[in-house]
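Working notes, beginning with the structure itself.
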Amino acid sequence: MPRTLFTAEHDLYRDTVRRFIADEVLPHYAEWEEAGIVPRDVWLAAGKIGLLCPSVPEEYGGGGGDFLYHAVMIEEMARVGAVAPTFYLQSDIIAPYLVHFGTEEQKRRWLPRMLSGEVVTAVGMSEPSGGSDLQNLRTTARREGDEYVVNGQKVFITNGHTADLLVLACRTNDTPGGRGVSLLLVETDTPGFQRGRKLDKIGCRAQDTAELFFSDMRVPAANLLGEEGRGFVHLMTELAQERLVQAVRAVSSAEAALQWTIDYCRDRDMFGKTLADFQNTQFVLAQLHSDTLAQRVLVDRCLELHVRGELDAVDAAKVKMTTTQLQGRVMDECLQLFGGWGYMTEYPIARAFVDARMTRIGGGSIEVMKHIIGRALVKDARRP
């Protein structure tokens, strides 16, 4: 089914992204998985040709493009089964916080260096006591004169060992719930900042994921991002895009796995035929293809709405939930068709299978998505 979202400019950008991935990502990906981290020079290479933060306004060095440029990068990385480098985190999640809530000084100081790849960023939300429950953060930032004194701990922080700058969610007053949460820009060479162990994950192994600790860390009050006490609100305003990022990656990953599996089944000899000749194989592939196509149409519709500023957080939760659930099922059934080879890491389906398991947890778990959707449905039903 033809897609009508993208212009000729988006297609040219896609060609550049594909060449970059072929030259700079795929030849080294196995090494990155073994090391559990991506070298900094890859970020610089991406920045040099304009692949980072493409929608940042031109006055800060960006291209001022729409979100479809971001979608192109997400799709092309997913097409080859690469979950790192985590350009999406910098471009699609953190840069918008600065663009929408940063002071002029903060924007001019950080955005150009994020665009060039000189600065790599991370966001500190999840804590050992809870990941999705952001209203009950325990990391504190106490105001002392022109500084905040920060104490606490974060966990599951993507880019935690690489980042130069951290967007830190913390509690700046004793008001319960989200009203006490603020965001601070923390330079990772600040005294009192400490990186913990690099966490050993079953999937997404090329992404460095860390624990972070803060002990009487002093952060200038000028590093407050947005308004004090409105950090939770600021985070919520960007949720639709964050969930859409997950959905774009999930459906693109499912499409890629399905194509790998079709190619394998066509070539795999079995009982004097190919695996693709068997009715069971055809039925499985037909079902997966149809389900994936349906989700692709939904994702493209959500992309269209988001570019127009019309995608809300609840609808984004719906597409995030359904696409990531589909992704898990596609990976499982495709791996089954690969048989024993599907369990071998030399085949991309094996890596994609374990990488996909994260998407039903990260960015808001499936259970949280159901809670958000269900609560909205009940609320709507009670309207007069």
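Structure notes:
- Alpha-carbon geometry of region 122-228: the Rg and the Dmax are 13.3, 44 Å, given in that order.
- For region 235-384, the spread of Cα positions along each principal axis, largest first, Å: 65, 28, 27
- Taking 0.890 mPa s as the viscosity and 25 °C as the temperature, the Stokes-Einstein diffusion coefficient of region 240-329 based on its alpha-carbon Kirkwood radius rounds to 174 µm²/s.
- Per-residue ³J(HN,Hα) for region 93-107, Karplus 6.51 cos²θ - 1.76 cosθ + 1.60, θ = phi - 60°, Hz, x for Gly and Pro: 10, 7, 4, x, 4, 5, 4, 8, 10, x, 6, 4, 5, 4, 4
- For the chain, the longest principal axis of the alpha carbon atoms and the long axis of helix 67-79 meet at an angle near 50°.
- If you run the Gaussian network model on the chain, springs between alpha carbon atoms under 10 Å, then out of 111, 26, 12 the most flexible one is 12.
- When 1, 114 are arranged by Cβ crowding within 10 Å, least crowded first, meaning fewest neighbours, the order is 1, 114.
- Amide H to amide H, with H built 1.01 Å from N, residue 218 comes under 5 Å of 150, counting only residues 5 or more places away or on other chains.
- Region 258-270 - phi-based ³J(HN,Hα) in whole Hz, Karplus 6.51/-1.76/1.60, Gly and Pro as x: 5, 5, 4, 6, 4, 4, 5, 5, 5, 9, 7, 6, 7
- Only Lys, Arg (+1) and Asp, Glu (-1) charged, at Cβ; region 238-381 dipole about Cα centre in debye: 300 debye
- Pairs of Cα atoms nearer than 8 Å and 6+ residues apart set the relative contact order; for the chain it is 15 percent.
- Residue-by-residue Karplus 3J(HN,Hα) for region 307-320, coefficients 6.51, -1.76, 1.60, Hz, glycine and proline x: 4, 8, x, 10, 8, 9, 5, 6, 5, 5, 5, 5, 6, 5
- Sorted largest first, extent of the chain alpha carbons per principal axis (Å): 79, 58, 41
- Over the chain, DSSP H runs of length four or greater, each weighted -39,500 (n - 2.57), average out per residue to a 222 nm ellipticity of -15000 deg cm²/dmol.
- Amide H contacts for residue 225 (H built 1.01 Å from N in the peptide plane; partners 5 or more residues away or on another chain; cut-off under 5 Å): 183, 184, 185.
- Once you reduce region 225-302 and region 168-219 to the center of their Cα atoms, the two points are 31 Å from each other.
- Largest first and in whole Å, the equivalent-ellipsoid semi-axes of region 8-119 read 24, 16, 11, each the square root of five times a Cα gyration tensor eigenvalue.
Every number here is computed from the coordinates shown, using simple stated rules; none is lab data. Just so it is clear, the model here is predicted, and its values are computed rather than measured. Positions of Cβ are generated from backbone atoms using ideal geometry, with glycine treated the same way; all protein chains shown enter the neighbour counts.
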